[in-house]
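First up is the structure itself, then whatever we jot down about it.
The values are calculated or read from the model by the stated rules, or taken from the named source; none is laboratory data. Everything numeric here is computed off the predicted structure, so don't read it as measured data. Glycine gets a Cβ as well: all are built from the backbone with ideal geometry, and neighbour counts include every protein chain shown.
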Amino acid sequence: MREIRQRIIYLGVAALLFAVGAAVLVWLWRWQDAHVRDKMLQHAILVAAALDPRQFDELSFAGQDAEHPAFRAVAERMRNLRAVFGRSWAFGDRYIGIYSMRMRGDTVLFGPESIPPEDPRASPPGTEYLHPPEEVYCAFAEGRWQVVGPYTDEYSTFVSAFVPILDPESGRVVAVLGMDVEASDWKRVIAARAALPAALVVLALVSLLMVHLRGVAARRLRRREEEYRLLTEHAVAGVAVHEMVFDGSGKAADYVFLYVNQAFERQTGLSAADVLGRHASKVLPGIEGTELIERYGNVVRSGEPATFETYSPQLRRHHVVSAYRVAPNRFAAVFTDITDRKRLEEEDREIRGRLESAVRTLETQRMRDQVVAELQQFLQACETVREAGPVIEREVQRLLPASSGALYLMSSSRNDLKLAACWGPCAEQMRDEILLSDECWGLRRGQPYFVEDPGRSVPCPHAERHGSGSHACLPLIAKGVVLGLLHLREPADRSAVPQALSQIREVGPAIAEMLSLALSNIQLRETLHNQSVKDPLTGLFNRRYLEETFPREVARARRAKHPIGIVMADIDHFKLFNDVHGHAAGDAVLAVTAQLLASSLRGSDIVCRYGGEEFVLVLPEASVENTRRRAEQLLEKVRTRRIPFGGGWLGPITLSMGVAGCPVHGAQLDEILRVADLALYEAKRSGRNRVVEGKSGTASAEPG
């Protein structure tokens, strides 16, 4: 607002000076006009006073009068006077007419003029001009002399002075002396005489104004400089002014301290006395060739301001620097110390990093707990250890995705371990591998064994077969019994080895402990299940298993539209044999016969000890005819088999067999077994050691 008022005042003063100059110019114009007109009239009077009025009576003002001696003398005097007038009044060589006029009634006769006849503006001698009396001679009626004009003739515009020439005896006007000046010359002279003083006045006033304004501007500049100096001195940010130093190639090499404020001293610990006038390379050793010097050089060369963050190893401080070019080869740098902010940011990053790490750890632990829970659920649902192998392979790979591994289970001989599952890049090398219990230091020592650096630790012999590398052997032990071994190896990606080894050390023992308990439970359940569905003497499935399994086989056969063959076999004269040779011999006969039957059938066939010396064979996808032929082959194998017992041999053993089929003889187990039992009874009644096919007439139903 203050600046607006000052501008308004300055514009008002300028307008006032312009008005004063214009008024002075108008006044001088009028004064000069009157003054020049008066001078012109005075000269015309001088010329008229030098003339003899009687000479005008002798002149007729005809063309020949121009050669009259008297007129030539007058004309010469008039020309001389014209020259003086022109030089004195700066009209130059432009036209100034001095002429005489003679009155003839209302007619004014012009005499020869004082301009050359060849000039186009000259009037021929004797030219008559008619003028109303008020324009020329009536102006002298009262004897007053004055300037009249301008008037316009047919050629140009003039400023004229008229002087009457009187007859001294009669007092009448015998002639008029006229003096003309072109109006353009007149105005030029008047303007020249009026403009110069007016210009001098205006120049003087403007000079006074400029001196005043210069003083005002100087005071304002001093005040602003003082304000800026105080602002800079007491500013929170450090301020320094430098002069850039370039090397011979034009590259920024160094800079000199020209000014620093108090904040700069506080932030850097450098006093003004230590830095002013000195090169930065002397104040801050090692700053030569740094990026900071190059950035300052770019600011000085381009003139573009730059703001950036920098760290000074000499001061061990962080700053935000804003650099500006303030003069050729000079720049100002404004420093804001952000060391504390950087420290807080670093602490914040560390806290965020720890929080993120904790979150990742919790997320990883949650994922692991979820995977472990799923693994436990799957293992609880597994009925056999064989089913548990693929489950363990998939879930452990989820827990340790970067590692390779294998699961070995102890064999029944307790001397070796067989591969149950493997995963990762080394899976193909481990497949179908048999591990001896003395090839693993973990099994020997009965505790987890980690080999992070094979060059510093003793690797397990079985691990060396697949190449040297970090590995871990985790025995699976439950209730003091070794169930197997969890073997884990480092990943193929060397950059992931440290993280993988850390995960193995962290998670591996827990996984091994959980697997030990789970496998122990599975084996226990499997043992209990086998005891419930298998005959302990022969190892064959019992009648209960047959009753549970047969409906599934019938459903499968119905979907595939395949038949099922059933054989019921009975050892001939077994009771007598048992009484003669003893129960031990009878048990040996049952065991050998069961083993022979099981080994002679397909894997999909089912062999059960139905009770006593009776066996039931279920042959899926076998017709009655094929089942009969297969039964006859078994009959022949049993008949030719000799059984070692007590240092001797037992036998020969014969069987009687009855054959039935599904759906030929029914769809229910009871129906089919009734037909097979009747056929078996027929075989015994017919002399034993033979196969009899059940009669189809006994079938009571067809499978759905």
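Among the residues making up the stretch 576-595, those that are closer than 18 Å to residue 649 by Cβ and buried (at least 18 other Cβ atoms within 10 Å of the Cβ) are 577, 578, 586, 588, 589, 590, 592, 593.
Each row is one residue, and each column tells you yes or no for (1) assigned by TED's automatic domain parsing to the domain that holds residue 545; (2) among the aromatic types (Phe, Trp, Tyr); (3) loosely packed, with under 15 Cβ neighbours inside 10 Å.
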{"position": "574", "(1), (2), (3)": "yes, yes, no"}
{"position": "597", "(1), (2), (3)": "yes, no, no"}
{"position": "612", "(1), (2), (3)": "yes, no, yes"}
{"position": "621", "(1), (2), (3)": "yes, no, no"}
{"position": "633", "(1), (2), (3)": "yes, no, yes"}
{"position": "642", "(1), (2), (3)": "yes, no, yes"}
{"position": "645", "(1), (2), (3)": "yes, yes, no"}
{"position": "648", "(1), (2), (3)": "yes, no, yes"}
{"position": "651", "(1), (2), (3)": "yes, no, no"}
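Scanning the stretch 435-462 for residues that are closer than 18 Å to residue 415 by Cα and of a type in the set (Gly, Ala, Ser) yields a total of 3.
Got a number for residues in the stretch 541-557 being surrounded by 18 or more Cβ atoms within 10 Å (Cβ to Cβ) and either closer than 13 Å to residue 609 by Cβ or outside the structural domain of residue 590 (by TED's automatic domain parsing) (or both)? Of the residues in the stretch 541-557, 4 are surrounded by 18 or more Cβ atoms within 10 Å (Cβ to Cβ) and either closer than 13 Å to residue 609 by Cβ or outside the structural domain of residue 590 (by TED's automatic domain parsing) (or both). Selection of the stretch 332-366 for residues being in a helix (DSSP H, G or I) and within 30 Å of residue 239 (Cα to Cα) yields 339, 340, 341, 342, 343, 344, 345, 346, 347, 348. Taken together, the criteria exclude residue 269 from residues that are on the phi > 0 side of the Ramachandran plot, under 35 Å from the mean Cα position of the chain (by Cα) and either in contact (Cβ under 8 Å) with a residue 12 or more places away in the chain or not assigned by TED's automatic domain parsing to the domain that holds residue 307 (or both).
Of the residues in the stretch 427-448, at least one is at pLDDT 80 or above, closer than 19 Å to residue 498 by Cβ and not small (Gly, Ala, Ser). Looking across the stretch 195-233, the residues that are of a type in the set (Val, Ile, Thr) and either at pLDDT 70 or above or exposed (fewer than 11 other Cβ atoms within 10 Å of the Cβ) (or both) come down to 201, 202, 206, 211, 216.
Scanning the stretch 437-459 for residues that are in contact (Cβ under 8 Å) with a residue 24 or more places away in the chain, surrounded by 13 or more Cβ atoms within 10 Å (Cβ to Cβ) and either part of a strand (DSSP E or B) or not acidic (Asp, Glu) (or both) turns up 437, 440, 441, 442, 443, 447, 448, 449, 450. Restricting attention to the stretch 501-540, the residues that are of a type in the set (A, V, I, L, M), part of a helix (DSSP H, G or I), more than 56 Å from the chain's Cα centre (by Cα) and exposed (fewer than 15 other Cβ atoms within 10 Å of the Cβ) add up to 2. Count of the stretch 234-290 residues, restricted to those that are of a type outside the set (Phe, Trp, Tyr), in contact with a Gly (Cβ under 9 Å, 6 or more places away or on another chain) and surrounded by 14 or more Cβ atoms within 10 Å (Cβ to Cβ), is 12. Among the conditions (1) closer than 21 Å to residue 674 by Cβ; (2) assigned to a helix (DSSP H, G or I); (3) not basic (Lys, Arg), residue 570 misses just one, which is (2).
I'd like the residue in the stretch 620-664 that is touching a residue at least 60 places away in the same chain (Cβ under 8 Å), more than 22 Å from residue 685 (Cα to Cα) and in a loop (DSSP other than H, G, I, E, B) and, out of all such residues, is farthest from the chain's Cα centre (by Cα). The qualifying residue farthest from the chain's Cα centre (by Cα) is 646. Got a sec? Which of 272, 327, 333 is out of contact with any strand residue (DSSP E or B) (no Cβ under 6 Å at 6 or more places or on another chain) and small (Gly, Ala, Ser)? Within the list 272, 327, 333, the selection yields 327.
Restricting the first member to the stretch 324-337 and to residues that are over 19 Å from residue 279 (Cβ atoms) and not assigned by TED's automatic domain parsing to the domain that holds residue 254, and the second to residues that are at pLDDT 90 or above and buried (at least 19 other Cβ atoms within 10 Å of the Cβ), no beta-carbon pair is closer than 6 Å while six or more apart or on different chains. Regarding the stretch 461-475, can at least one residue be identified that is out of contact with any Gly (no Cβ under 6 Å at 6 or more places or on another chain), outside any loop (DSSP other than H, G, I, E, B) and in contact (Cβ under 8 Å) with a residue 40 or more places away in the chain? No, the stretch 461-475 has no match at all. Sort out which residues of the stretch 324-339 are modelled with pLDDT of 85 or more and under 21 Å from residue 269 (Cβ atoms), and write them in order of number. Passing the criteria: 332, 333, 334. Selection of the stretch 374-412 for residues being part of a helix (DSSP H, G or I) and among the polar types (S, T, N, Q) yields 376, 377, 380, 397. Is there a residue being more than 30 Å from residue 694 (Cβ to Cβ) and free of Cβ contacts under 8 Å to residues at least 40 places away in the same chain anywhere in the stretch 560-571? No: the stretch 560-571 contains no residue that is more than 30 Å from residue 694 (Cβ to Cβ) and free of Cβ contacts under 8 Å to residues at least 40 places away in the same chain.
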